[in-house]
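Just below is one structure, and these are the notes that go with it.
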Amino acid sequence: MELWQQMIRDSVHTVDELVEKFKIDRRVAEDLDEFFQARINPYYLSLIRYPNDPIWRQCVPDKAELEDWDAEEDPLMEDAMSPVPNITHRYPDRALFLVTSQCGLYCRFCTRKRKVGDYEKISMKGLESAFKYLEEHTEIRDVIMSGGDPLMLTDIMLEKILQRLRSIAHIEIIRLGSKMPCVLPQRITPQLCNMLKKYHPIYINTHFNHPWEITPESSKACEMLADAGIPVGNQMVLMKGVNDDPAVVKELMQKLLKIRVRPYYMYMADETKGANHFRTSIETGLNIIENLRGHTSGLAIPHFVIDAPGGGGKIPLLPNYVIHHDEDKIILRNYQNKIFSYKNYKDRNNPEKKNGKNGKNGRNGKLKLKELEFTKVELPVLEEVEN
Ligand code: SF4
């Protein structure tokens, strides 16, 4: 047995352990276990510094999960968009492929609480029909392996799946959604990296939510993947009491870049049954982006998105930098709230477009003095947004 497998075995997961280790009332612990089981492996457990800290909140069952049921079990309608077991086909050229129900840690905020951890709900029996669907749908050029966590599979099983996917000519990109580099970095072994790099182009999206998760172990894991030629991106979920603070997110993003992980998405938490206590206001997220843009490298700034309820897909959100926009120009503010005007481009080969509605003598030439003066105006500093 490999070290990471032993660590899964040594995880905190029984009601007795929850009662003893975290002083959870036995009846509550039993109800929580029934709703969504616990799995806290020794590595992630060692990152907890004090009760209810940002690491604790992500992994220790909380009675709030039993109280905030005012949401859907499947908010993203993944099951409704599943043409065959194990596949969700929402976007035109890519498909989600669930290959296991198991994870290295069961995150209390998980959107797939309804099926993660349950062998019956994501079953290997569905793999054959999933492969057949992928073979028949030639428009699918990008497959995202998820679950559960695909790196819970053994190297041998994972390689079988990768071989099969690589035998499908129209599949160009294979992505793995894995939290292992963050929650159980011991899973990233030289053998795994050597195997994965035979099936390029492979991308991994991982899932760090707090700077305390960047440790010597997780740094080494991410660097090993990068050295194997695998671009690693990060998908952070914005969560109350975990990372709803601009300074925390900035530190996380900067530290991720140092370990060669590119910040990719920052999600608003999904409206998920039993996970609503993690949700923050949208203004909290916009304020975080406002505090990143211009204040640190663009490489460190993730796309801030809402995965739209009802299966609408990811929709980006930005603080409003546009003050005014017409056919001649756009008036913008920068990160310091200074205002700038940018002339719209007119197609020189098309006189009608060139002159615009107002003709040659209209407003397509120089900016008027009033607008130039405008560039020197400074807006008052934005008020801090409270959650
Ligand atoms: S690793 Fe992903 S799928 Fe597994 S419990 Fe955490 S969020 Fe859910």
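What to note about this one:
- For the chain, fraction of C-alpha pairs farther apart than 26 Å, in %: 59 percent
- Unsatisfied cross-links (Cα-Cα over 23 Å) in the set Lys220/Lys255; Lys179/Lys273; Lys115/Lys198; Lys240/Lys338; Lys255/Lys338: Lys115/Lys198; Lys240/Lys338; Lys255/Lys338
- Peptide packing: for 259-270, 64-75, the average count of neighbouring Cβ atoms within 10 Å per residue gives the ranking 259-270, 64-75, highest mean first.
- Approximate spin-label separation Leu332-Trp69, in nm, with each point projected 7 Å along Cα-to-Cβ: 4.9 nm
- From most to least packed by mean Cβ count within 10 Å, the peptides 79-88, 310-319, 273-282 give 273-282, 79-88, 310-319.
- Using the Karplus relation 6.51 cos²θ - 1.76 cosθ + 1.60 with θ = phi - 60°, the per-residue 3J(HN,Hα) values for the range 11-16 come to 5, 6, 8, 8, 4, 4 Hz, with x marking Gly and Pro.
- Backbone HN-Hα couplings from phi across the range 123-140 [Karplus 6.51/-1.76/1.60, Hz, Gly and Pro as x]: 10, 5, 4, x, 4, 5, 5, 5, 4, 4, 4, 5, 5, 6, 9, 6, 6, 7
- For the range 100-110, 3J(HN,Hα) per residue [Karplus equation, 6.51 cos²θ - 1.76 cosθ + 1.60, θ = phi - 60°, Hz, x = Gly/Pro]: 7, 9, 8, 9, x, 7, 9, 7, 5, 9, 4
- A cut-off of 5 Å between modelled amide H atoms, ignoring neighbours fewer than 5 places along the same chain, links His137 with no other residue.
- Near Ile173, the amide H atoms lying under 5 Å from its own belong to Asp142, Val143; only residues 5 or more places off or on other chains count, and H is placed 1.01 Å from N.
- For Tyr265, the residues whose amide H sits under 5 Å from its own are Asn234, Gln235, Met236, His303, ignoring neighbours fewer than 5 places away on the same chain, with H placed 1.01 Å from N.
Quick note: the coordinates plus some simple rules give every number you see, no bench work behind them. All values derive from a computational prediction rather than experimental measurement. Counting neighbours? That spans all protein chains shown, and the Cβs are built from the backbone with ideal geometry, glycine included.
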